[in-house]
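See below for the structure under consideration.
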2 protein chains.
Amino acid sequence: MNIGEASERSGLPSKTIRYYEDIGLIRPGRGGNGYRDYAASDVHKLRFLQRSRGLGFSVEECRQLLALYEDKSRASADVKGIAEAKLSEIDRKIRELTELRHTLEHLVHACHGNDRPDCPILEELSDTAT
Amino acid sequence: MNIGEASERSGLPSKTIRYYEDIGLIRPGRGGNGYRDYAASDVHKLRFLQRSRGLGFSVEECRQLLALYEDKSRASADVKGIAEAKLSEIDRKIRELTELRHTLEHLVHACHGNDRPDCPILEELSDTAT
DNA sequence: TATCAGCCTTCCAGCAACTGGAAGGTCAAC
DNA sequence: GTTGACCTTCCAGTTGCTGGAAGGCTGATA
């Protein structure tokens, strides 16, 4: 199939698919007219990429996952390791985001709706911002 | 203080601090020798930037947050509006990250992490449904 | 006073991970 | 035989930095 159909089936823009080829993630065949020709297995890989990118894996991590996926002798411990690292990264982000939420909530409550220039919370924030 | 100390205190690399100046986020003074001169308030802003950038806010969003943070004479309605918009944005991000966390956690727990070729993480990523 | 490390300066290049656009080839249909 | 929707390559731009070169300033030491 052509790139347009591969795009539709994988959920990835054609541009991105070509880019993934550029960086060696996939290697579709070529028709006599020079058009890229995608097999079902290519679409499968593209979907794999689409999902793992969406889960927050970097392209390089995706390359590893894809290699592990294709490798018959893959060790699931490797995959688990990558996923666990990602997990603690997500935890850290959630934690920090929650902290920022508190900070901002203070800010919102400090804005009482008049035009007074003084805001004691801003002063406090300048000391506690870490 | 010089950029090195501002860097140490804010947790941002000197390079990044100069970049933030390039794009107009901060405006430190200059000494007679041409060196940038950072006040304590500059360091506070830098830390604020460091934190909000680390949480996935774009530089443009940070610019807004910073305006809210430092502009004490702004009309309260505007301030509140920006802060509230950011708040719901933060909430959305926390929600999305939490979902992602659940998905990954499920996968990690389902994966035995031994050398057997079966790996639920890879199975899930390659699942053509969804 | 010279010199040397370790700061600081500017500018230019490149990274990830795309995205957009130009310029042109191909194909199916009317 | 000419649209118009595809496809191709290549080049440039995006965001938010990061690294390096080339050179100036500073403070301590010989």
- Query: Does A:ARG101 count as within 16 Å of DNA strand D (Cβ to nearest atom) and open to solvent by 30 Å² or more (accessible area, probe 1.4 Å)?
  - Reply: no
- Close pairs (7 angstrom Cβ cut-off, 6 or more residues apart or separate chains): over 20 Å from B:ILE94 (Cβ atoms) in region B:49-72, within 12 Å of DNA strand D (Cβ to nearest atom) and open to solvent by 40 Å² or more (accessible area, probe 1.4 Å) anywhere: B:VAL59/B:ILE23
- Task: Scan region A:34-56 and give yes if some residue there is more than 23 Å from A:GLU5 (Cα to Cα) and of a type outside the set (D, E, K, R), otherwise no.
- Result: yes
- Query: Of the residues in region A:8-30, how many are open to solvent by 90 Å² or more (accessible area, probe 1.4 Å) and touching a strand residue (DSSP E or B) at 6+ places or on another chain (Cβ under 9 Å)?
  - Reply: 1
- Query: So, in region B:31-57, of the ones that are away from chain A (no Cβ under 14 Å) and at pLDDT below 95, which residue ends up nearest to DNA strand C (Cβ to nearest atom)?
  - Reply: B:GLY34
- Task: Scan region A:1-17 residue by residue and report those that are in a loop (DSSP other than H, G, I, E, B) and near DNA strand D (Cβ under 7 Å from one of its atoms).
- Result: A:ASN2
- Which members of region B:18-46 meet the condition of being on the phi > 0 side of the Ramachandran plot and away from DNA strand D (no atom under 11 Å from the Cβ)? B:GLY24
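The values are calculated or read from the model by the stated rules, or taken from the named source; none is laboratory data. Everything numeric in this text was worked out from a predicted model, so none of it was measured. Note that each Cβ is placed from the backbone with ideal geometry, even for glycine, and that neighbours are counted across all protein chains shown. Surface areas here come from the heavy atoms of the whole protein model, side chains and all, with no ligands, DNA or RNA. Shrake-Rupley method; radii C 1.70, N 1.55, O 1.52, S 1.80 Å.
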